[in-house]
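Asks: First, the structure itself, so that you have it in front of you.
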Amino acid sequence: MESQKKMMVVFGLVAAVFLQIMAAQTAHVVGGSIGWTIPQNGAQEYVTWASGQKFLVGDVLTFNFATNTHDVVEVPKASFDSCSSSNPIGSTITTGPANVTLTSAGDHYYICTFGRHCQSGQKLAITVSASATSPGASPSAPTPVSPTPPTPTTTPTTPSPTSNAPCPPVQAPSPSTKTTGPTASTTPGSTALPPSSSSPIVGAGLVLSLLSLVMGLFF
């Protein structure tokens, strides 16, 4: 019972992967409704059809033709232009309808080698683009943006108030005023200082007073 559950899980995973691969592929029926045949309006019919398609790696080209009436083979551009099958890429497919898987990006060229079918326009040229899931394909990374260096800002220098200011003129001292009496007249604007208590006259008076007091105590 356990082994059956494991087998069912594995089968489910395989089926999911298969469905994802099938969904990622696009089948292009070459020529649309006319199929792979000699076009009535020449090779331009296949050019017009291919211009309306988008071919990616992993897509499938379906060439609808009857067996033994046409074939299909991939050739290089030179052989495509000259309708020559001398340098085929891979084997010529003679059984229709034929499915060709696009395995690489770039230009691909196909022709029919029956008689003069190629010269009559039974030839196809397509351009295949790399798909998002093809090997080597990766989303393009954003271009790094170089950081813009900050613009230097300069602070205007304020000149010092005294750097360029003219020096004030030096005021000459006023002549001394003679004093008459106990209070001396001073220059206007100046402050008169009180007499100092340590004057020699006051000090002598204090000494004499103390001596008189001492002598009065003893005599």
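Asks: Through the Karplus equation 6.51 cos²θ - 1.76 cosθ + 1.60, θ set to phi - 60°, convert the phi angles of segment 32-37 into ³J(HN,Hα) values in whole Hz; use x for Gly and Pro.
Replies: Working through the residues one at a time gives x, 6, 7, x, 9, 8 Hz.
Asks: Which whole-Hz ³J(HN,Hα) couplings does segment 62-72 yield from phi under the Karplus relation 6.51 cos²θ - 1.76 cosθ + 1.60, θ = phi - 60°, glycine and proline marked x?
Replies: For segment 62-72, the Karplus curve yields 10, 9, 8, 7, 8, 4, 6, 10, 8, 8, 8 Hz.
Asks: If we count every other residue with Cβ under 14 angstrom of SER79's Cβ, Lys/Arg +1 and Asp/Glu -1, where does the sum land?
Replies: The answer is -1.
Asks: I want the antiparallel fraction of DSSP beta bridges within segment 26-129, as a percent rounded to 5.
Replies: 75 percent
Asks: Out of residues 5 or more away from GLU74 or on other chains, whose amide H comes under 5 Å of its own, with H placed 1.01 Å from N in the peptide plane?
Replies: Close amide H contacts, sequence-distant or interchain: ILE89.
Asks: How high is the relative contact order of segment 26-129, in percent, with contacts defined as C-alpha pairs under 8 Å that are six or more residues apart?
Replies: 34 percent
Asks: With +1 assigned to the C-beta of every Lys and Arg and -1 to the C-beta of every Asp and Glu, and no other charges, what is the dipole magnitude of segment 26-129 about the Cα centre in debye, to the nearest 20?
Replies: With only Lys, Arg, Asp and Glu charged at Cβ, the dipole is about 80 debye.
Asks: Can you list the residues, at least 5 places off or on another chain, whose amide H is less than 5 Å from the amide H of PHE55, using H built in the peptide plane?
Replies: SER129
Asks: Here's another thing I want to ask about it. For segment 26-129, with equal point scatterers placed on the C-alpha atoms only and solvent neglected, what are the log10 I(q)/I(0) values from the Debye formula at q = 0.23 1/Å, to two decimals?
Replies: For segment 26-129 at q = 0.23 Å⁻¹, log10 I(q)/I(0) is -1.41.
Every number here is computed from the coordinates shown, using simple stated rules; none is lab data. Note that the coordinates shown come from a computational prediction; the quantities given were computed from them, not determined experimentally. Reconstructed Cβ throughout: ideal geometry from the backbone, glycine too, with neighbour counts over all protein chains shown.
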